[in-house]
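Read through the structure below, which is laid out as structure tokens, and then see the notes.
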There are 2 protein chains.
Amino acid sequence: MKVGDVGEFGLIERLAALVGVAREGVVVGIGDDVAVLRAEGEAWLLATVDSQVEGVHFLREAMTPYQLGRKALAINVSDIAAMGGTPTYALISLVLPPDLEVAWVEELYRGLQAEAERSRVAVVGGNMARSSDGVVIDVALLGTVAQEEVLLRSGAQPGDRVLVTGTLGDSAAGLHLILHPEVAVPDADRAYLLDRHLTPTPRLAEARVIAQSRLATAMIDISDGLSSDVGHICKASHVGVRLWAERLPISDATCRVAERMGRPAWELALTGGEDYELCFTAPASAVPEVQRRVKEATRTPVVEVGEILPPEAGRWLVLPDGEEIPLTARGWQHF
Amino acid sequence: MKVGDVGEFGLIERLAALVGVAREGVVVGIGDDVAVLRAEGEAWLLATVDSQVEGVHFLREAMTPYQLGRKALAINVSDIAAMGGTPTYALISLVLPPDLEVAWVEELYRGLQAEAERSRVAVVGGNMARSSDGVVIDVALLGTVAQEEVLLRSGAQPGDRVLVTGTLGDSAAGLHLILHPEVAVPDADRAYLLDRHLTPTPRLAEARVIAQSRLATAMIDISDGLSSDVGHICKASHVGVRLWAERLPISDATCRVAERMGRPAWELALTGGEDYELCFTAPASAVPEVQRRVKEATRTPVVEVGEILPPEAGRWLVLPDGEEIPLTARGWQHF
């Protein structure tokens, strides 16, 4: 059996079963995006790692090294933010072909440092190794979170509402424009969507407001696609869900690209991935308050896109015409 | 200018200059093997990352996945040990080709877990990504160290002695036997040297004894080769050094392989790398005491191989015939 046959999540489950408990203090271990660890003080320690592989996550000709550096760190900041945490220290592991230009690596680091400054992260070390082929950038990021503010995937309750920040599908639309530069769209749309794909901005401030409000019950960042990521919440919380395609927040620019693609825009928003928006759950009664707080502090809109159901109800998507179909992941999976 | 032109350490220096201080609390940052970070409690937090790249660090046909998993974690444990620290939590980032056998990845994890249990490390998470080519394993390892026990590269003083644990050159001799299986040596030598190369055992217990003794002034693990790694101590401590080739501790098995290679054994011991022994410095008066303590607690011999000189004296190697030549790194450098 090959890695490609069992898929990313199947493989993670198999490997998690092989890992025994060699040490106390693990609050959330293997299987989540971020490990939650007891530390000496009151606060918990967060740790996550994510990689960018040339030819898989990026093409060197389609992205400046500065953009790549920013993004490699930003996607990790997004993971820490989605736990309600504050990112602190980063380690950068680079695998580089020897014929790569030094100037390219320096630009990569300038991008890393730009995101580090934005997120108040200190780059404190790393590793460098020779590659026999392409570039791999692995970022390990630490963070901290107050015990009472941590937001796991596992806290959603039937009756809770599903909420998302910002707009969804922009990154997928941007990627489509990179892969199909001939698609005719207004210049402003192109600039906006490429920026959303190439320079994702983790919702750190929004996540802090949500965590500090103590109104949310579960949270995750939207990296694989809403359908897949809300599925992670359902699985960890042992609940079902109903999402309304019509309520997904979608930018006008993404609507126009979807039209050129001949696909409904909600499909991009539901399965696109790499938006790095937040998806979280909260009791229905808390929705107006959390929307108000996030809007006031950050101007970012929070939209209700679904509701959490009892586990036996399953996972459903209500299409714009009212038809209800099973919600499948269909988001990004490696392998 | 290419990455291969400036070399690993040249590139690290350039990149370190681009990284600003975005956050307080960094005791030792970029440029060392391990970052030392202030945390909430009394103890300091340690963080390191190291990668194993197929075709560069390992060949899939020359090493079982179990051995590879053990080694990928062991080399990080060695880095934490060399700071006087205790390893705690590991994150594993895997880049895998989709046609890789699941059984291979499971064996890799069994090896990781074996080393994790030996070192009392909890594997708490990671990441998985598709590779367009070979396997890359990146291990990020956290640890902890009491402030008064931390051992940096920067504490060596003129007059201190240079000490090493165990024997040097075994790993290089083992690698030679893998690359040249036709070399005739006794079976016991082959088994011993392959094991030293394929299953390095970090000197965790020895390092703890040295750190707790408070007798050492600087420490590093020997990963690149003694000549290179002692150079890191000299650079960070702003001191010179004199090593005696004749005093390097070398196993009989490595002596026999060196003879077949037509090279002096001390050359292998000085530049071979990947021995994961400890190199540390201590005042001359403390040498017998630290040797006794390590021997008593772990049975591992500690040998004096050189002395720290004032910075203006430079770095020297005394050959077996008494001739003194400049000590150059000549250890392993990427690119």
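The values are calculated or read from the model by the stated rules, or taken from the named source; none is laboratory data. All values derive from a computational prediction rather than experimental measurement. When we count neighbours, we look across all protein chains shown, and the Cβ atoms used for this are built from the backbone with ideal geometry, even at glycine.
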For the stretch A:241-335, please list each of the helices (runs of 4 or more DSSP H) lying entirely inside it that holds at least 3 residues being over 19 Å from the mean Cα position of the chain (by Cα) and within 14 Å of chain B (Cβ to nearest Cβ). none
Within the stretch A:93-139, how many residues are of a type in the set (F, W, Y) and either without any contact (Cβ under 8 Å) to a residue 24 or more places away in the chain or more than 7 Å from chain B (Cβ to nearest Cβ) (or both)? 1
Would the stretch B:53-68 turn up any residue that is assigned to a strand (DSSP E or B), more than 7 Å from every other protein chain (Cβ to nearest Cβ) and within 27 Å of A:P97 (Cβ to Cβ)? yes
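Residue by residue, here is whether (1) modelled with pLDDT of 95 or more; (2) not hydrophobic (A, V, I, L, M, F, W, C) holds:
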site: A:A81; (1), (2): yes, no
site: A:G84; (1), (2): yes, yes
site: A:T88; (1), (2): yes, yes
site: A:P98; (1), (2): no, yes
site: A:E107; (1), (2): yes, yes
site: A:L112; (1), (2): yes, no
site: A:S131; (1), (2): no, yes
Could you grab me the full set of residues in the stretch A:170-196 that are surrounded by 13 or more Cβ atoms within 10 Å (Cβ to Cβ) and part of a loop (DSSP other than H, G, I, E, B)? A:V183, A:V185
Given (1) within 7 Å of chain A (Cβ to nearest Cβ); (2) assigned to a loop (DSSP other than H, G, I, E, B), index of the condition B:E24 fails: (1)
A:A16, sole failed condition from (1) surrounded by fewer than 24 Cβ atoms within 10 Å (Cβ to Cβ); (2) over 18 Å from B:G126 (Cα atoms): (2)
Examine the stretch A:302-321 for a residue that is assigned by TED's automatic domain parsing to the domain that holds A:T217, surrounded by fewer than 22 Cβ atoms within 10 Å (Cβ to Cβ) and within 30 Å of A:E182 (Cβ to Cβ), and state whether such a residue exists. yes
Would you be able to tell me the number of residues in the stretch A:197-214 that are surrounded by fewer than 18 Cβ atoms within 10 Å (Cβ to Cβ) and either free of Cβ contacts under 8 Å to residues at least 60 places away in the same chain or of a type in the set (A, V, I, L, M) (or both)? 1
If you take the residues of the stretch A:233-271 that are β-branched (V, I, T) and at pLDDT 95 or above, which of them is farthest from A:V183 (Cα to Cα)? A:V239
For the stretch A:122-146, the count of residues that are within 18 Å of B:D32 (Cα to Cα) and β-branched (V, I, T) equals 3
Quick test for you: out of B:D50, B:D5, pick the one residue that is at the interface with another protein chain (Cβ under 10 Å from one of its Cβ atoms) and closer than 15 Å to A:G126 by Cβ. B:D50
Return yes or no: is B:A156 hydrophobic (A, V, I, L, M, F, W, C), over 17 Å from the mean Cα position of the chain (by Cα) and more than 7 Å from every other protein chain (Cβ to nearest Cβ)? yes
Just a yes or no: is a residue in the stretch B:147-167 part of a loop (DSSP other than H, G, I, E, B), on the phi > 0 side of the Ramachandran plot and surrounded by fewer than 24 Cβ atoms within 10 Å (Cβ to Cβ)? yes
Scanning the stretch A:1-24 residue by residue, those of a type in the set (D, E, K, R) and either within 21 Å of B:R130 (Cβ to Cβ) or free of Cβ contacts under 8 Å to residues at least 12 places away in the same chain (or both) turn out to be A:K2, A:D5, A:E8, A:E13, A:R14, A:R23
Give me a count of the residues in the stretch B:27-52 that are outside any strand (DSSP E or B) and of a type in the set (V, I, T). 1
Checked B:D99, B:D133 against criteria (out of contact with any strand residue (DSSP E or B) (no Cβ under 7 Å at 6 or more places or on another chain), under 20 Å from A:Q52 (Cα atoms) and in a loop (DSSP other than H, G, I, E, B)); the one match is B:D133
Across the stretch B:27-41, the tally of residues that are more than 7 Å from every other protein chain (Cβ to nearest Cβ) and surrounded by fewer than 22 Cβ atoms within 10 Å (Cβ to Cβ) stands at 4
Of the listed residues (B:E40, B:E24, B:E61), the one being outside the structural domain of B:R110 (by TED's automatic domain parsing), of a type in the set (D, E) and at negative phi is B:E24
Considering each of A:L179, A:L215, A:L198, A:L193 in turn, give the residue that is within 19 Å of the chain's Cα centre (by Cα) and either modelled with pLDDT under 95 or closer than 30 Å to A:I308 by Cβ (or both). A:L198
Hits in the stretch B:71-92 - residues which are facing another protein chain (nearest Cβ under 8 Å) and either hydroxyl-bearing (S, T, Y) or surrounded by fewer than 24 Cβ atoms within 10 Å (Cβ to Cβ) (or both): B:T88, B:Y89
If you take the residues in the stretch B:168-177 that are among the small types (G, A, S) and on the phi < 0 side of the Ramachandran plot, which one is farthest from the other protein chains (Cβ to nearest Cβ)? B:A173
Looking at B:G7, B:G55, B:G31, which is the one that is under 27 Å from A:Q113 (Cβ atoms) and out of contact with any Phe, Trp or Tyr (no Cβ under 6 Å at 6 or more places or on another chain)? B:G31
Scan the stretch A:263-285 and tell me whether some residue there is crowded, with 17+ Cβ neighbours inside 10 Å, under 22 Å from A:L152 (Cβ atoms) and of a type in the set (S, T, N, Q). yes
Regarding the stretch A:219-229, can at least one residue be identified that is part of a helix (DSSP H, G or I), among the hydrophobic types (A, V, I, L, M, F, W, C) and within 16 Å of the chain's Cα centre (by Cα)? yes
